[in-house]
Structures are given as structure tokens and as C-alpha cells.
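As C-alpha cells, the structure follows; a few thoughts come after it.
Nothing in this text is a laboratory measurement; each read-out follows from the coordinates by a stated rule. Everything quoted here is computed from the prediction, not taken from an experiment. Cβ sites come from the backbone with ideal geometry, for glycine too, and all protein chains shown count toward neighbours.
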Amino acid sequence: MNVKLKARNLTGTITPPSSKSFAQRYILLAMCREGSTKILNVSGSEDEMVAMGIARDSNFTVNYRDREISIYGKFMCPKKIYMGESATSFRLSTGLISGMRCKTVYRLAESLSVRPNGPLESALTAAGVKINHISKDEIEIDSSGIQSTDVKINGELSSQFVSSLMLLFAGGFLKGNIIIEGKNTSSGYIDITEKCLLDFGFTVKRENQSISVSGSPYKGHIELRVESDFSSAAYFIVLGMLGSKDGIRLSGLSVNSLQPDSAILRLLKPYLKTFQTDDKGLEIECRQSNIDFIELDADKNPDLAPIMSVIGIFSEKGIKIRNISRLSFKESDRASSIIQLAENFGASIIKDGTTLYIRRGKEIKHPYLLDFKDHRMIMAAAVAIVISGSDTTLCNTENVKKSYAEFFNDLEKLGVYIEPS
């Protein structure tokens, strides 16, 4: 769907959706245990729905209603499962189901089939897993011959590979250590995996570049709550900083969150007011500010790069994004897309090796059309359109369902008028 966006008086309070990083891990780990699992505060993004589908295909009853998931049943190796575009569910479930010694065919959407997966496949193959690329969009993974062993993985390309191997040992059939080679990218997501494993009763030991997972999950009924997502909150934090005189408030976030993108609180600290609620939650207030020069490391916070680039487009001091090569292996080549977005609004752009500098140009341009397929680029573009006041058509708005189905509804709550184009 194509839309045009017009802002009135931007103000109000919203609650960001659930952290799909936590939700997907909780759903998959529920497949390792005996007893029912209830997971609260799940927004139902497409990625979370894919994880629920994996559980259903593995012989579990999964009910989702009113932001709550109930999961019960007994694991059976799935013959075939559909991954859609969810790289997280694909990589994490590959480890988990391989640890159960299954033979499964994974069906992938085209955008997922081209994303790099080599280091994980090499690690699993070394442990005795047979991987057969049937076609561009189907992979057969046969782990019936997998053996207990130490597993080595290159952690430079994606933390999801490390997290996948952590789930490999959660099935209870295998013993061994995970040895991380090279630089450990986005280690905060490994922290999330560890936290989720601990929430289910496993023991996790981490020492230097070695990780081990042992123990058995809790039996009986357990109930877990997913915290709200800082990556999604970032769109409205930036919108408030650039375009709201009366302020935008975000609720439902977690104090001391492990989410890597909670780093936005530190990166933008001078422009935010934070309030701790009685239930140890966190509220953030942001309003129009004179923004100083900002730096972002895309190695640590790749999902923040699209929306943080919007600060550069509309601020005199601008932003420096380091390690932009990290952005080329996401749902799209986000490094190129960020440059395209900035160019459309007339920003000054300097690329120096793996560092990108973006700041406001001499004159803000008003693009006629913005056509991105990537959900995070679409949301960043929406914020840029609202800030600029441009009569711009934004394409493919339905794609935001991958991570934030209510994004445009939340924009409307804050005073943005949305009309079909």
C-alpha cells in the first residue's frame, strides 16, 4: 500500500511493540520442555508468527490471543517448516532442531534465501550435520548423525550464529562448548539468548570466547513476559526530537534492558527525559531539540542505523555511522538504502571507507516518491517525510508488519494524518 503522511501537532503517548528478539527465543525454547508455557505481551509481528508456526509444525498446540501465547505439547521432529523472511527464527531454530537430531526441510522466502549463512552451516557440518540445498528456497538439514563435540563459530558476521549454537545444546542430547573465533559482533544479542535460557532453567557459562549450555528446563507451567522493543521506540524518539514541540512519550520499556538498542538512551541522553514507574518500567519523553554531533557504531547497533540516519538528514552537526559494511547483510543492503534516503532529502553525504557522515544539506529536498522494501527503511522514511513536511508518496507500507504491525496506527495517535496514495 502507498500512502502520504501529513503531520498536525505531534504529541501523545505510545507503547512500543514487544521485543521480537525475546519473543522468538521464548517461543522456540518452549519446544524444549515438558509442561505449558504462557508468554505475555507479544505484539504478533510476522517474525513472531513465524516462530509460532515452527512450534506448531513441531507438534505443539499454540494459541495466540490478546497479546498472549500459550504453548503446550511434546516435541516431534518437523518434516517441513516455513521460515518466511525471518532470519532470526531460521537461524535459531536451525540450531535448536539440529540439537534434537531431526531431518527437516526449511522453506525460505527469496529475501531470506540470499542472506549469508555459511559460518553456521560450517559449524553444524563439522559436528556431523548434513546440509543439502535442494533449491534456492529449500534447504534440507539432517542432524540425525550429529555428535557431542566442541563447536567453533566465526562470530564476526552475525551474533545469531552464536545464539543458534547455544540453542543447539538446549535440546539435551549433546554436550560440548561453543568456541567463538574472530570479533564477536553484536554481543548484546548473545546476552539476550543467555537470559532466555536462564529463564527456562538452563545453566549458561561464558568465559572469554567460550560458551557452554547445560542443565534441564523447568517442568510444569511457566509464565514469562516480553519487554517492549527499544528498536521500535527509536522511531518515535527521533520523531519527537526533530518534530514535536509538545513532546512524545513512550511507555512500557524496561529499566536496565539487555536489548542492544537500549543504547539509544546513552546516545541521545541530553535530549531525553526518563522516568521509572512503580512496576520498574521505564517511560521516555522527547521533544524538539537542538541536536549536537552524534556517533553510532553499526557493528553494535545495526537496527538503529536507518532511523538514526534521519537525525543526520535534518541536523546541522549531523551523524557519523561507523562500520557501515555491517548493514549490507540485513533484510536489504541498508548501507546503500540509507545513502539513498539521505540523497532524496538533499543531505550532505561523505563515505570514508566503512564510515558514513550525514548532515543537513544546503536545502532540504522534497522527494516525490520513496520506494523501499525493508521494514526498517520504510519506517525511517516515514519519520523523514513527517519531519520534512513533504508531499511524498511512501510505498510498501504493509511491510512494516515484519516487526511493527501497529506503526502507522501509532503515528496516527500522535497526530499524523495518513491517506492512501
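Run the simple label-point estimate for Arg8 and Glu412 please: 7 Å along Cα→C-beta, distance reported in nm.
Rounded to a tenth, the inter-label distance reads 1.3 nm.
Please arrange Lys183, Lys362 by how many other C-beta atoms lie within 10 Å of their C-beta, fewest to most.
Working: Lys183 11, Lys362 6.
Fewest-to-most Cβ neighbours within 10 Å comes out as Lys362, Lys183.
What is the ratio of the Cα radius of gyration of the stretch 1-144 to 2.2 N^0.38 Å, with N the residue count, to two decimals? Working shown, then result.
On the way: Rg = 17.5 Å, N = 144, 2.2 N^0.38 = 14.5 Å.
In units of the 2.2 N^0.38 Å rule of thumb, it is 1.20.
If you average the C-alpha positions of the stretch 336-405 and of the stretch 220-279 separately, how far apart do those two centres end up, in angstrom?
Comparing the Cα centres of the stretch 336-405 and the stretch 220-279, I get a distance of 22 Å.
With an 8 Å Cα cut-off and a minimum separation of 6 or more residues, compute the relative contact order for the stretch 1-146 in percent. Please report the intermediate quantities before stating the final value.
Values: 228 pairs, mean separation 26.7, N = 146.
Result for the stretch 1-146 is 18 percent.
Given charges of +1 on the Cβ of Lys and Arg and -1 on the Cβ of Asp and Glu, with all other atoms neutral, how large is the dipole of the chain about its Cα centre, in debye to the nearest 20? Intermediate results must be reported in sequence, preceding the final value.
Numbers: 52 positive and 49 negative charges, 65 e Å.
Around 320 debye, computed over the chain.
If you build the convex hull over the alpha carbons only and average its shadow over all orientations, what do you get for the stretch 115-209? Give it in nm² to one decimal.
Working: hull surface 25.3 nm².
The orientation-averaged projected area of the Cα hull of the stretch 115-209 comes to 6.3 nm².
Taking only DSSP H segments of four or more residues, each worth -39500 (n - 2.57), what value at 222 nm results for the chain once the sum is divided by all its residues, to the nearest 500 deg cm²/dmol? Each step should come with its number before you reach the end.
Working: 13 runs with 131 residues, N = 421.
Computed ellipticity for the chain at 222 nm equals -9000 deg cm²/dmol.
Could you list Ser43, Ser164, Ser122 so that the one with the fewest beta carbons within 10 Å of its beta carbon is first and the one with the most is last?
Values: Ser43 21, Ser164 28, Ser122 15.
Lowest to highest Cβ neighbour count: Ser122, Ser43, Ser164.
Using the C-alpha gyration tensor of the stretch 234-329, what are the square roots of 5 times its eigenvalues, in whole angstrom, with the largest one first? Please list the in-between numbers first.
On the way: eigenvalues 101, 63, 18 Å².
After diagonalising the Cα gyration tensor, the semi-axes are 22, 18, 10 Å.
Give me the angle, in degrees from 0 to 90, between the Cα long axis of helix 230-243 and the longest principal axis of the Cα atoms of the chain, rounded to the nearest 10.
For helix 230-243, the angle is close to 0 degrees.
Compare the Cα positions of Asn154, Met52, Gly215 along the charge dipole of the stretch 20-225 (+1 at Cβ of Lys, Arg; -1 at Cβ of Asp, Glu; about the Cα centre) and return the one farthest towards the positive end.
Gly215
Among the trypsin sites (Lys or Arg not before Pro) within the stretch 187-270, which fall in a DSSP loop and have no more than 13 other Cβ atoms within 10 Å of their own Cβ? Walk me through the numbers on the way to the answer.
Values: sites: Lys195, Lys205, Arg206, Lys219, Arg225, Lys245, Arg249, Arg266; in loops: Lys219, Lys245.
Taking the stretch 187-270 and a limit of 13 other Cβ atoms within 10 Å, the loop trypsin sites (Lys or Arg not before Pro) found are Lys219, Lys245.
Restricting the count to DSSP beta bridges whose residues both fall in the chain, what percent are antiparallel, rounded to a multiple of 5?
Values: 53 of 74 bridges.
In the chain, DSSP labels about 70 percent of beta bridges as antiparallel.
Taking a spot 7 Å from the Cα of Ser122 along the direction of its beta carbon, which residues of the stretch 309-347 have an amide N less than 20 Å from it?
In the stretch 309-347, the label zone of Ser122 (backbone N under 20 Å from the point 7 Å along Cα→Cβ) covers 325-330.
With +1 assigned to the C-beta of every Lys and Arg and -1 to the C-beta of every Asp and Glu, and no other charges, what is the dipole magnitude of the stretch 20-225 about the Cα centre in debye, to the nearest 20?
On the way: 25 positive and 22 negative charges, 92 e Å.
So the dipole magnitude of the stretch 20-225 works out to roughly 440 debye.
Positive end of the charge dipole of the chain (Lys, Arg +1 and Asp, Glu -1 on Cβ, about the Cα centre): tell me which of Ile141, Met100, Leu327 has its Cα farthest that way.
So the residue furthest toward the plus end is Met100.
When Cys77, Cys286, Cys102, Cys196 are ordered from fewest to most other Cβ atoms inside 10 Å of their Cβ, what list results? The partial results should precede the final answer.
On the way: Cys77 15, Cys286 23, Cys102 20, Cys196 26.
By the 10 Å Cβ count, ascending: Cys77, Cys102, Cys286, Cys196.
Expected output is a single nm value to one decimal: the length gained when fully extending between Glu156 and Asp246, i.e. 0.36 nm times separation in residues minus the C-alpha distance. What is it? Could you put the intermediate results ahead of the total?
On the way: separation 90, 0.36 × 90 = 32.40 nm, distance 4.25 nm.
Result for the pair: 28.2 nm of gain on full extension.
How long is the stretch 328-421 along each principal axis, judged by its Cα atoms, biggest number first, in Å?
39, 32, 21
Mind giving me the FRET efficiency for Asp278 and His366? R0 is 60 Å, r the Cβ-Cβ distance, nearest 0.05 is fine. Please list the in-between numbers first.
Details: r = 45 Å, r/R0 = 0.75.
The computed FRET efficiency comes out at 0.85.
Once the piece of chain linking Glu110 and Ser210 is laid out straight, how much longer is it, given 0.36 nm per residue of separation minus the C-alpha distance between them? Show your work: numbers first, answer last.
Working: separation 100, 0.36 × 100 = 36.00 nm, distance 3.39 nm.
The span from Glu110 to Ser210 would gain 32.6 nm if fully extended.
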